[in-house]
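Down below is the structure, laid out as structure tokens.
The values are calculated or read from the model by the stated rules, or taken from the named source; none is laboratory data. Remember, it's a predicted structure, so these values are computed and weren't measured experimentally. Note that each Cβ is placed from the backbone with ideal geometry, even for glycine, and that neighbours are counted across all protein chains shown. The area values use the complete protein model at the heavy-atom level, side chains included, leaving out ligands, DNA and RNA. Shrake-Rupley method; radii C 1.70, N 1.55, O 1.52, S 1.80 Å.
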Amino acid sequence: MATPEEMAQTMINNLPEKTGKSITEWRALLATSGLQKHGEIIKLLKGEHGVTHGFANLIAQLYLKPDLLENKVAENPDEDLLAGKEAIAEVYKKAKALFENANGEVEFAYKKTYISLRTPKKQFGLLQPSTKTRVDIGLNLKGVEPEGIVAAAGSWNSMVTHRIKLSSVEDVDASLATWVQKAYDANS
């Protein structure tokens, strides 16, 4: 299922075909209208230009908050997360593969600084390239005692109960895959 950001990007891409104008053209037209209220803009677009409500709402939002255009869907979100942290790219990729290979349906929800990892029901972990030399995995395992390289998350992130700090590809092993699967199963 597409994320809200992906759906908005699809609508932006379809504007010329569905409304006859690109977002740039709509913004230029609205700039001459002098309107500054969301409802007034929607009324104008629907009444005078025959734009459907969904597209009128999108155009109005993008006109009133042009910075929303800057938040378009990234072409390669992994590259964005690793920008300036290329030295740990291999550790990150190997750690991400643990989640990709988990037994079950894992949803990867990219955030600004990490990936939220979800079962069909809820978040069970996160993957974060934290520094130039470390990748962190967070797992949600309430009631399970940490051991080995798996530590209590403490104040690091309130969305998870356990934290694993990875600084080399050797840290990403079969025992860690077992922990990831345990977290997935506990949250399914």
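Summary table below
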read-out	value
Cα centroid separation, region 1-65 to region 145-188 (Å)	44
Percent antiparallel among DSSP beta bridges (both partners in the chain, rounded to 5)	100
Loop sites in region 92-146: GluC sites (Glu not before Pro), DSSP, at most 15 other Cβ within 10 Å	GLU105
Degrees separating the helix 4-19 axis from the principal Cα axis of the chain, which is the longest one	30
Coordinate range along principal axes, alpha carbons of region 23-64, Å, largest first	20, 17, 16
Mean accessible surface per residue for the chain, computed with a 1.4 Å probe while every protein chain stays in place, in Å²	58
Normalised per residue, the volume of the convex hull around the Cα set of region 77-186 (Å³)	93
Which of ASN14, GLY54, GLY39, positive extreme of dipole for region 4-68 (C-beta unit charges)	GLY39
Helix 23-33 axis, angle to the chain major axis (alpha carbon atoms, nearest 10°)	50
Carbon plus sulfur fraction of accessible area for the chain, probe 1.4 Å, in percent	50
Total charge dipole magnitude, the chain, about the Cα centre, Cβ charges on Lys, Arg, Asp, Glu only, Debye to nearest 20	620
Reachable lysines from LYS21, criterion Cα separation under 30 angstrom, eight or more residues apart if same chain	LYS37, LYS43, LYS46, LYS65, LYS72
Cα-centred dipole magnitude for region 92-160, charges only on beta-carbon of K, R (+1) and D, E (-1), debye, nearest 20	320
Label assignment, semi-axes √(5λ) of the Cα gyration tensor in Å derived from the structure, set [x] 27, 19, 16; [y] 31, 19, 13; [z] 43, 17, 14	[z]
Extension gain from GLU48 to LYS121, taking 0.36 nm per residue of separation minus the Cα-Cα distance	21.9 nm
